[in-house]
Amino acid sequence: MGGAAGDDGMRRRGCSCTKNDFLPEESFQSWGNYARAMKETPLRLKNRFLTRSKDHTELVDVKARSEHEMKKTLTWWDLMWFGIGAVIGAGIFVLTGLEARDVAGPAVVLSYVVSGISAMLSVFCYTEFAVEIPVAGGSFAYLRVELGDFMAFIAAGNILLEYVIGGAAVARSWTSYFATLCNHQPNDFRIVADGLGNDYKYLDPIAVGVIAIICIIAALSTKGSSRLNYIASIFHVVIIVFIVVAGLTKADTNNYSNFSPFGARGIFKASAVLFFAYVGFDAVSTMAEETKNPGRDIPIGLVGSMAFTTTAYCLMAITLCLMQPYTQIDADAPFSVAFQAVGWNWAKYVVAAGALKGMTTVLLVSASVRLVSHTYCSDPHVAPMALPCQSMTKDR
């Protein structure tokens with residue numbers, strides 16, 4: 001019996017699929033069963049629209065359908081760096097300058113505090129759900145319990161769409177920053193298709209390749225992805241420390257003489273935009289099923305990563321506004337231009353490397369979340385079981 005199970009496990013490794021992956025229910029075993037199931041479709045849809053799941057269903061029954069347990073390999077340390085990698089991307093290098101120059105002035109640091117507190121409140125909600133329902137589905141699993149399958153399906157579709165479209169946009173930016181790092185123009189590494197419109201004529205094979213490589217890494221091993229994210233995040237932290245320390249050596253306190261030129265309205269208006277710099281923290285909750293001790297590790301990982309991120313954002317905002325008068329800050333490349341203004345032209349390559357690293361970890365976390373979330377959605381048959389290469393995800 002055990003040998004048979006072991007042999008079946010060996011056959012199902014990788015992306016191999018069996019008939020049960022495509023025909024998992026009795027309804028699909030014959031044309032007669034299928035016809036009877038079609039007649040019951042309205043009633044089944046009504047039940048799924050109105051029926052809520054239970055904690056036991058998410059924790060036991062849904063896992064049992066998948067035939068494989070996800071390996072519990074992650075600790076709070078892994079989750080904290082996972083959260084840092086998911087949140088700190090290229091946004092900090094762009095949004096800070098735009099909001100400081102046009103909306104909040106040097107008081108943009110307070111805007112980061114306000115948006116950080118708002119994000120932390122959301123973190124507390126995710127923490128409570130993740131501890132109570134420690135499964136890989138994240139928001140999908142929580143909504144199945146609270147509001148039912150229909151709302152969970154809509155939310156899961158939106159979240160997956162967000163990660164797919166966001167990942168594509170980040171990958172295109174990755175190419176632009178890579179070109180800058182190589183001392184080229186942003187579009188130099190893209191293929192020009194003259195037959196397409198001006199907004200669509202730049203084809204980006206590098207972005208496609210980066211996404212493909214990162215998705216393969218994410219699918220092969222959760223622990224391996226975590227280690228890669230850990231190394232990349234440390235590199236990013238080193239760059240952030242460099243920007244803060246080097247920038248403060250060129251600080252001019254006179255630039256803070258008019259601290260809040262736009263008043264409280266500007267501070268809160270900027271905080272609404274800067275909240276997007278914190279997007280991605282929810283990715284940690286989707287790793288609950290692969291966490292050794294979810295009740296302890298998830299709260300520490302989520303809160304720790306958010307506290308570190310908020311502190312880093314505030315320090316970088318302070319540094320930028322001390323290096324230059326807020327009216328002279330460049331909206332597109334604030335830190336690069338600020339270092340050029342103080343005579344450090346070479347520092348723009350350091351900033352580009354930091355942004356490039358940030359986008360790499362964002363893509364890695366995004367790929368991991370898509371894979372885990374889609375796999376979990378397939379367990380209750382809300383998504384096709386074959387698409388996420390489910391057995392590979394479970395064994396990675």
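The values are calculated or read from the model by the stated rules, or taken from the named source; none is laboratory data. Just so we're clear, the structure is a prediction, and the values are computed from it rather than from any experiment. A quick note on method: Cβ atoms are made from the backbone with ideal geometry, for glycine too, and the neighbour counts reach across all protein chains shown.
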Is it the case that Thr327 is of a type in the set (S, T, N, Q) and in contact with a Gly (Cβ under 8 Å, 6 or more places away or on another chain)? no
I'd like to check something: does segment 243-258 contain any residue that is crowded, with 16+ Cβ neighbours inside 10 Å, of a type in the set (S, T, N, Q), part of a helix (DSSP H, G or I) and modelled with pLDDT of 85 or more? yes
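For segment 194-206, check the following and say yes or no: at least one residue is of a type in the set (A, V, I, L, M, F, W, C) and modelled with pLDDT of 85 or more.
yes
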On the basis of being part of a helix (DSSP H, G or I), modelled with pLDDT under 85 and closer than 25 Å to Ala353 by Cα, does Ile231 make the cut? yes
Inspect segment 84-91 for any residue being out of contact with any Asp or Glu (no Cβ under 8 Å at 6 or more places or on another chain) and either surrounded by fewer than 22 Cβ atoms within 10 Å (Cβ to Cβ) or under 14 Å from Val273 (Cα atoms) (or both) and give the result as yes or no. yes
Selection from segment 122-133 of residues that are aliphatic (A, V, I, L, M) and part of a helix (DSSP H, G or I): Val123, Ala130, Val131
Scan of segment 287-298 for residues that are under 20 Å from Ser368 (Cα atoms) and assigned to a helix (DSSP H, G or I), ordered by number: Met287, Ala288, Glu289, Glu290, Pro294, Asp297, Ile298
Filtering segment 67-121 for residues that are assigned to a helix (DSSP H, G or I), of a type in the set (D, E, K, R) and more than 29 Å from Gln328 (Cβ to Cβ) leaves a count of 1
Quick check: anything in segment 272-279 under 19 Å from Tyr230 (Cα atoms) and either touching a Lys or Arg at 6+ places or on another chain (Cβ under 9 Å) or not aliphatic (A, V, I, L, M) (or both)? yes
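Does at least one position in segment 308-319 carry a residue that is of a type in the set (Ser, Thr, Tyr), free of Cβ contacts under 8 Å to residues at least 60 places away in the same chain and either in contact with a His (Cβ under 7 Å, 6 or more places away or on another chain) or in a helix (DSSP H, G or I) (or both)?
Yes; the residues of segment 308-319 include at least one that is of a type in the set (Ser, Thr, Tyr), free of Cβ contacts under 8 Å to residues at least 60 places away in the same chain and either in contact with a His (Cβ under 7 Å, 6 or more places away or on another chain) or in a helix (DSSP H, G or I) (or both).
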Give me the residue from segment 272-305 that is of a type in the set (Ser, Thr, Tyr) and under 12 Å from Ala130 (Cα atoms) and, out of that set, modelled with the highest pLDDT. Thr291
